[in-house]
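The values are calculated or read from the model by the stated rules, or taken from the named source; none is laboratory data. Here the structure is a predicted model, which means the values were calculated and not measured. Reconstructed Cβ throughout: ideal geometry from the backbone, glycine too, with neighbour counts over all protein chains shown.
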Amino acid sequence: MNDTIISLDRHIMDEQRRYGGRGDFSAILSQIIFAAKVVAAQVSHAGLVEDILGRTGKTNVQGEEVQKLDVYANKVFINALNYIGKVCVMASEEENDMIRIPDEYPRGDYVVMFDPLDGSSNIDVNVSIGTIFGIYKRVTPDGDGILDDCLQPGHKLFGAGYIIYSSSTILVYSTGNGVNGFSLDPSVGEFVLSHPGIRIPPRGKIYSTNEGNYPYWKEGTREYIEYLKSDRNTRKAPYTSRYIGSLVADFHRNLLKGGIFLYPEDTKDPKKATGKLRLLYEANPLAFIVEQAGGRASTGYGRILDIEPTELHQRVPLIIGSREDVLEYETFAQKNQA
């Protein structure tokens, strides 16, 4: 039996040596880990700490109600990253504009995009929530980062990951050399390797989608869901429906067990007719991870990672999961464009 416990710090250092890194990315990831531990501690006390649970009475740039823990998590990640001299600019789902590095701190070569608390509408009911992040190399030469540094397609990601705050806190990340998962051991306060070399099964038996939007879906999407529910599908047996309503949690389950998550475009809200989920903060990082694990991420009509962003808060449809399932959905989605 191998008794070696591999900590996240050790794994980061091993990766740095193996691929000849300078340590800048490692420094950024270490700060993200620190911020995640702080947020995880607050999440675990959310039902006990009166001023961290509930709504602020404000809405974010997406027009959604802001939870108090959203605001807290956003500040924690900003403050963990803005002073280390490795980042030139950041952007958050919770902020209207780019997040500038304070004048007193040096600028670095990296851009960090993040959703500080995905699934925050579930905070009050103790459902799994998470953080999603993507890290790019800047495209401008030096100085303050600008919008061009943020508006990069996902295939240019240097690294990406997510953290789930649940019965255990789990970090999953990739730098383009496979996907690994780490669980936070509360007895020592360290993340340890728990899911090495994650590979998503080529086909699953789970589908995850908000079927309350069924009347507003386009024809091809409706037909696909009916196809999954029948014994006419490729598996010759109905798929199982599993939908938590927290993107990180639904994605994580399907990444480990196989399956497909769908948030297609619909006609319910004209402002979200081209999709609901955010390209830069949600779709790109998770697409990067799923491709590194052997899966696929699509709008239904093309690869997520090939989209050229045009704005910080751009929305897209997201179909993500086991490769064969996503490819099959794309054949049904052709009817949506007819």
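Say we look at region 87-98 and pick out the residues that are out of contact with any Gly (no Cβ under 9 Å at 6 or more places or on another chain) and buried (at least 21 other Cβ atoms within 10 Å of the Cβ); which of these is farthest from L151 (Cα to Cα)? Write out each step before concluding.
Going residue by residue through region 87-98, those that are out of contact with any Gly (no Cβ under 9 Å at 6 or more places or on another chain) are 91-97.
With buried (at least 21 other Cβ atoms within 10 Å of the Cβ) added as a condition, the list becomes 91-94.
On the way: A91: 10, S92: 13, E93: 14, E94: 17 Å.
It comes out as E94.
Put simply, of D325, D306 the only residue that is under 23 Å from S92 (Cα atoms) and either surrounded by fewer than 16 Cβ atoms within 10 Å (Cβ to Cβ) or touching a Gly at 6+ places or on another chain (Cβ under 7 Å) (or both) is D306.
Restricting to region 125-137, name every residue that is in contact with a Ser or Thr (Cβ under 9 Å, 6 or more places away or on another chain), part of a loop (DSSP other than H, G, I, E, B) and not small (G, A, S).
Selection gives V127 alone.
Determine which member of the set L147, L157 is closer than 25 Å to T310 by Cβ, at pLDDT 95 or above and surrounded by fewer than 22 Cβ atoms within 10 Å (Cβ to Cβ). Walk me through how you get there before you give the answer.
Values: L157 fails: surrounded by fewer than 22 Cβ atoms within 10 Å (Cβ to Cβ).
It is L147.
Return the only residue of N254, N336, N284 being at pLDDT below 95 and polar (S, T, N, Q).
Values: N254 fails: at pLDDT below 95; N284 fails: at pLDDT below 95.
Testing whether each residue is at pLDDT below 95 and polar (S, T, N, Q) leaves just N336.
Give the residue, chosen from L256, L262, L277, that is of a type outside the set (D, E, K, R), touching a strand residue (DSSP E or B) at 6+ places or on another chain (Cβ under 9 Å) and crowded, with 23+ Cβ neighbours inside 10 Å. None of the others qualify; the one that does is L262.
Within region 28-124, considering only strands (runs of 3 or more DSSP E) that don't extend past its boundaries, which have at least 1 residues that are modelled with pLDDT under 90? Spell out the reasoning first.
On the way: elements: 55-59, 65-67, 87-92, 110-118.
Ranges flagged: 55-59, 65-67.
The residues of region 263-302 that are under 16 Å from E330 (Cα atoms) and among the aliphatic types (A, V, I, L, M), listed by number, are A287, A297. Comparison of S183, S194, S187 shows that the only residue that is polar (S, T, N, Q) and part of a loop (DSSP other than H, G, I, E, B) is S187.
Tallying residues that are within 24 Å of F114 (Cα to Cα) and loosely packed, with under 12 Cβ neighbours inside 10 Å within region 1-32 yields 1.
Yes/no matrix, rows are residues, columns are (1) within 18 Å of F251 (Cβ to Cβ); (2) in a helix (DSSP H, G or I); (3) out of contact with any Lys or Arg (no Cβ under 7 Å at 6 or more places or on another chain):
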{"position": "V139", "(1), (2), (3)": "no, no, yes"}
{"position": "F158", "(1), (2), (3)": "no, no, no"}
{"position": "G176", "(1), (2), (3)": "no, no, yes"}
{"position": "P215", "(1), (2), (3)": "no, yes, yes"}
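When region 141-156 is filtered for residues that are under 18 Å from L279 (Cα atoms) and either assigned to a helix (DSSP H, G or I) or among the acidic types (D, E) (or both), the ones remaining, listed by number, are L147, D148, D149, C150, G154, H155, K156.
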